[in-house]
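Asks: Quick one: the structure is below, and I'll ask about it shortly.
The values are calculated or read from the model by the stated rules, or taken from the named source; none is laboratory data. Keep in mind that this is a model prediction, so the values were computed, not measured. With ideal geometry, Cβ positions are generated from the backbone for all residues, glycine too; neighbour counts draw on all protein chains shown.
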Ligand SMILES: *Cc1c(COP(=O)(O)O)cnc(C)c1O
């Protein structure tokens, strides 16, 4: 049976999986959600005998029902290949009392590669299936990692152009260098004088501008999104939770059917929502531990039932989580509102207008599987140092936020359920903050000297993604005000 995707803001607006991927965002700012999440049609034991690609196929075929087996396998095989520096694709590493699911072995060394290495294939396949003749313009806001992963995925893909907006003063030096050195004639990278929320709001506005979209179509273009508002990002992200679980079973750490916890360092709520969807599919997950940095809007939401974005935006050492408007939370809100588009729309309008909304007690009760907490900057740094000293394992700042919050959770609850921590970036991507956490004396050295020091301390090979940017020339130097994003898009498209 074909799975129907529906807008969170209008029950009448439906799409097939491939159309939802093509559109990225529904009309009126809504997000596409599946009407139901199908259950696994293979047992957990069977899944435990499969490799990453096969698990990916088993999960994605249930969600992307209008893709043929041949189409889907082509997308999966093209994405999860030697671009990853390990055959396992997403290795599970047992350190310091938890299982770290390393999601950073792709081309740009952050977890965004897990979905963005396949999204270009899903998107071009969707265009073909739906007879789309327009050139697809990928419009992306990034807090640092999505941008580079999307650029790497879409560079020189025929029939596409990609434009990335990032906060000029809100990303790490390595993140910025990775983006501004991007090759490919179809790529465009723009720094904005604003934060990630400004970038995301600007992009969503262009998506929702009907006249603009008609004008684009008249010029042979249409927008799509590489952000996690695109269902084509979320579905591939469900896969690695299933894969992690099956590795625990395969290694005899748990029995099929046993429960696990997952800890996710969270910003836009995409990664943790994918875990939530995996549970609906039948993955035995006990708690979703939602870890925030000092931008702790989600922690406050889980505690009080009020989502309030009216607060200072804090620049932290985990910049990919510096977000006050977590877009994908809307998909969870819609669900706990009983899949009621009108109720959800009213709450989102309150967020847009008044800057806050409060859910009902009945809705809050349905969040019992979620635990939220946050880590301060000092706690994050202390965690990096502690785990380095105890296990010689060096994690990045985002993963350290998750590990700190997991410590708090265990202290509070005494829960001993085996726990998987989503390790979302290589420490090499945030070298300065990571090395400073271990010893502040490192701060005197240059970024690439620190790369070599990190290599000495960890014994982990310097990733190709870092070697590639040591000498690379800057190819993108546009900076604009947040009000001028549309003008820059038009300039790049020559329209
Ligand atoms: C994007 C990102 C996150 C946050 O993920 P969401 O899906 O936005 O919640 C966490 N860590 C890193 C390294 C990231 O790049």
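Asks: For the stretch 340-377, which residues satisfy the criterion of being more than 20 Å from residue 311 (Cβ to Cβ) and touching a strand residue (DSSP E or B) at 6+ places or on another chain (Cβ under 6 Å)?
Replies: Of everything in the stretch 340-377, those that are more than 20 Å from residue 311 (Cβ to Cβ) and touching a strand residue (DSSP E or B) at 6+ places or on another chain (Cβ under 6 Å) turn out to be 341, 369, 370, 371.
Asks: Can you list the strands (runs of 3 or more DSSP E) lying wholly within the stretch 1-85 that have 3 or more residues being closer than 23 Å to residue 111 by Cβ?
Replies: Values: elements: 5-7, 10-15, 32-34.
Counting at least 3 such residues, we get 32-34.
Asks: Let me ask something else about it. Starting from the stretch 399-411, take each residue that is within 14 Å of residue 272 (Cβ to Cβ) and more than 11 Å from the ligand (Cβ to nearest atom) and list its partners that are assigned to a helix (DSSP H, G or I) and modelled with pLDDT of 95 or more, counting only C-beta distances under 9 angstrom and pairs at least six apart or across chains.
Replies: Partner pairs satisfying both residue conditions: 405/299; 405/379.
Asks: Here is a follow-up. Please give the number of the condition residue 320 fails out of (1) more than 16 Å from the ligand (Cβ to nearest atom); (2) in contact (Cβ under 8 Å) with a residue 24 or more places away in the chain.
Replies: Of everything listed in (1) more than 16 Å from the ligand (Cβ to nearest atom); (2) in contact (Cβ under 8 Å) with a residue 24 or more places away in the chain, residue 320 misses just condition (1).
Asks: Any residue at all in the stretch 332-352 that's in contact with a helix residue (DSSP H, G or I) (Cβ under 7 Å, 6 or more places away or on another chain), within 16 Å of the ligand (Cβ to nearest atom) and either at positive phi or outside any loop (DSSP other than H, G, I, E, B) (or both)?
Replies: Yes, the stretch 332-352 contains a residue that is in contact with a helix residue (DSSP H, G or I) (Cβ under 7 Å, 6 or more places away or on another chain), within 16 Å of the ligand (Cβ to nearest atom) and either at positive phi or outside any loop (DSSP other than H, G, I, E, B) (or both).
Asks: OK, next. Need at least 1 residues that are in contact with a strand residue (DSSP E or B) (Cβ under 6 Å, 6 or more places away or on another chain) and farther than 30 Å from residue 139 by Cβ per element, so show me which helices (runs of 4 or more DSSP H) inside the stretch 391-495 make the cut, counting only ones lying wholly within it. Show your work before the answer.
Replies: Values: elements: 397-413, 431-438, 447-458, 464-470, 485-493.
Because the criterion is at least 1 residues that are in contact with a strand residue (DSSP E or B) (Cβ under 6 Å, 6 or more places away or on another chain) and farther than 30 Å from residue 139 by Cβ, the helices (runs of 4 or more DSSP H) in the stretch 391-495 that meet it are 397-413.
Asks: Given the options 171, 164, 189, name the one that is under 22 Å from residue 466 (Cβ atoms), touching a helix residue (DSSP H, G or I) at 6+ places or on another chain (Cβ under 6 Å), within 16 Å of the ligand (Cβ to nearest atom) and modelled with pLDDT of 95 or more. Don't jump to the end; show me each part of the working.
Replies: Values: 171 fails: modelled with pLDDT of 95 or more; 189 fails: within 16 Å of the ligand (Cβ to nearest atom).
Matching residue, one of 171, 164, 189: 164.
Asks: Considering each residue of the stretch 214-224, count those that are surrounded by fewer than 24 Cβ atoms within 10 Å (Cβ to Cβ) and either within 25 Å of residue 167 (Cα to Cα) or at pLDDT below 95 (or both), and give that number.
Replies: Residues of the stretch 214-224 that are surrounded by fewer than 24 Cβ atoms within 10 Å (Cβ to Cβ), as a first pass: 214-223.
Those left that are additionally either within 25 Å of residue 167 (Cα to Cα) or at pLDDT below 95 (or both): 222-223.
Final tally of qualifying residues: 2.
Asks: How many residues does the stretch 242-288 hold that are at negative phi, touching a helix residue (DSSP H, G or I) at 6+ places or on another chain (Cβ under 9 Å) and more than 13 Å from the ligand (Cβ to nearest atom)?
Replies: Matching residues across the stretch 242-288 total 19.
Asks: All but one of (1) out of contact with any strand residue (DSSP E or B) (no Cβ under 6 Å at 6 or more places or on another chain); (2) farther than 14 Å from residue 246 by Cα; (3) at pLDDT 95 or above; (4) surrounded by 16 or more Cβ atoms within 10 Å (Cβ to Cβ) hold for residue 44, so report the exception by its number.
Replies: So residue 44 meets the others, but not (2).
Asks: Kindly indicate whether any position in the stretch 219-226 is within 16 Å of the ligand (Cβ to nearest atom) and in contact with a helix residue (DSSP H, G or I) (Cβ under 6 Å, 6 or more places away or on another chain).
Replies: Looking for residues that are within 16 Å of the ligand (Cβ to nearest atom) and in contact with a helix residue (DSSP H, G or I) (Cβ under 6 Å, 6 or more places away or on another chain), one finds at least one in the stretch 219-226, hence yes.
Asks: Also, I was wondering about something else. Hey, does the stretch 306-329 have a residue that's in a helix (DSSP H, G or I), at pLDDT 95 or above and surrounded by fewer than 19 Cβ atoms within 10 Å (Cβ to Cβ)?
Replies: Taking every residue of the stretch 306-329 in turn, none turns out to be in a helix (DSSP H, G or I), at pLDDT 95 or above and surrounded by fewer than 19 Cβ atoms within 10 Å (Cβ to Cβ).
Asks: Continuing with this model, one more query. Kindly check whether there is at least one residue in the stretch 360-375 that is buried (at least 18 other Cβ atoms within 10 Å of the Cβ), away from the ligand (no atom under 15 Å from the Cβ), in contact (Cβ under 8 Å) with a residue 12 or more places away in the chain and over 19 Å from residue 262 (Cα atoms).
Replies: Yes, that holds for at least one residue.
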